[in-house]
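Chemist: Let me give you the structure first, and then I'll get to my questions.
Just so it is clear, none of the values below were taken in a lab; they were calculated from the coordinates. Note that the coordinates shown come from a computational prediction; the quantities given were computed from them, not determined experimentally. Note: ideal-geometry Cβ built from the backbone for every residue, glycine included; neighbour counts use all protein chains shown.
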């Protein structure tokens, strides 16, 4: 596994990633949904485990979950667990934020 830099500075990340609004990134041919919530960064697979819909087209709820835009399945940003355990969990990725930028571990 390796850390991949996705933003060169916290300022660049804040400009590109609005608080609470998911964004799709493609890193080494892997679709990642990156989001910022309450000042922290989270990365989760972009394809919903249930249907393959893009989670980056969904929204965040107040339980720190991303909601799939197709069938409203909710995946926790830290654990990837689907809230009602109706489908398999989503894969999550470690994110490191520092003065040298934002990194995702793949």
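Chemist: Tell me, how many Å apart are the Cα centres for the range 1-36 and for the range 49-74?
Modeler: 17
Chemist: Next question, about the same structure. Just from its helices, what would the mean residue ellipticity at 222 nm be for the chain, if runs of 4 or more DSSP H residues each count -39500 (n - 2.57) and the sum is divided by every residue, rounded to the nearest 500 deg cm²/dmol?
Modeler: Mean residue ellipticity, 222 nm, calculated: -1500 deg cm²/dmol.
Chemist: Hey, another quick one. Pop the C-beta distance of residue 59 and residue 38 into the FRET formula with R0 = 25 Å and round what comes out to the nearest 0.05.
Modeler: 0.95
Chemist: Taking the Cβ-Cβ separation of residue 71 and residue 8 as r and a Förster radius of 35 Å, what is the calculated FRET efficiency to the nearest 0.05?
Modeler: The calculated FRET efficiency here is 0.45.
Chemist: Viscosity 1.306 mPa s, temperature 10 °C: what is the translational diffusion coefficient of the chain from Stokes-Einstein with a Kirkwood Rh over Cα pairs, rounded to a whole number of µm²/s?
Modeler: It diffuses with D of about 117 µm²/s by this estimate.
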